[in-house]
Structures are given as C-alpha cells and as structure tokens.
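Nothing in this text is a laboratory measurement; each read-out follows from the coordinates by a stated rule. All figures in this text were calculated on a predicted structure; none of them were measured in a lab. Note: ideal-geometry Cβ built from the backbone for every residue, glycine included; neighbour counts use all protein chains shown.
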Amino acid sequence: HIFMYFVLGMLVVNVLKDYKLGSKKLIGFSILFAGLYAVTDEIHQTFVSGRSAEARDVLIDTIGATLGVVLYWAILKIIMKRRLTVNAKV
C-alpha cells in the first residue's frame with residue numbers, strides 16, 4: 001500500500017499545485033486528501049468478507065502519501081528555482 005499511496009500523494013499535489021495555494025497549504029491539503037482517502041479505503045474494507053479496517057493501515061498509507069507529496073514538492077521547487085535562474089540570465 002505504501003507505494004500506491006506514494007503515487008496518490010504525487011498525483012494529488014500535481015493537481016492542487018495549479019490552485020496557487022502556497023507551499024504549506026499545498027502540502028497540507030495534499031496529505032489531508034490522501035489521508036482521508038486512506039480512511040475511506042479502510043471503511044470500505046469492512047464491507048468486504050474476510051477484510052477489516054485497521055488504523056495501522058491508514059497510518060502506513062498516509063506515510064506513503066506524505067513521502068510522495070514531499071518528494072514531488074521538492075522536485076517542483078528545484079525545477080522552479082532552475083527556471084528562475086535561467087530566466088534571470090536571459
């Protein structure tokens with residue numbers, strides 16, 4: 001699950017970055033969304049025979065999403081910094 005939520009975190013931050021939220025809100029909302037999705041995923045599992053919801057899974061999923069969000073955000077910052085440097089030289 002950690003890898004799937006890592007990818008989800010990257011996808012969510014990719015969508016929300018266009019809303020110009022600022023770094024803290026972008027990271028916070030992205031992690032919040034992915035974490036809430038993890039909660040709903042666990043609730044869904046209670047309706048599946050042989051499956052159960054576990055808070056530990058929500059934590060692991062949210063950690064994976066957080067890693068994806070932070071990595072994507074860091075890459076965005078590096079790209080933006082390079083663009084500013086290139087534009088300043090022109």
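Tabulated values for the structure
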| item | result |
| --- | --- |
| Inter-label distance, nm, simple model (7 Å from Cα along the C-beta direction), residue 67/residue 25 | 2.9 nm |
| The stretch 6-90: chymotrypsin sites (Phe, Trp or Tyr not before Pro) falling in loop per DSSP and having at most 12 other Cβ within 10 Å | 47 |
| Distance (nanometres) between label positions extended 7 Å along Cα→Cβ at residue 1 and residue 83 | 3.5 nm |
| Segment residue 52-residue 11, length gained on full extension (0.36 nm per residue, minus Cα span) | 12.1 nm |
| Partner lysines for residue 25 [C-alpha distance under 24 Å; skip if fewer than 8 residues away on the same chain] | 17, 77, 81 |
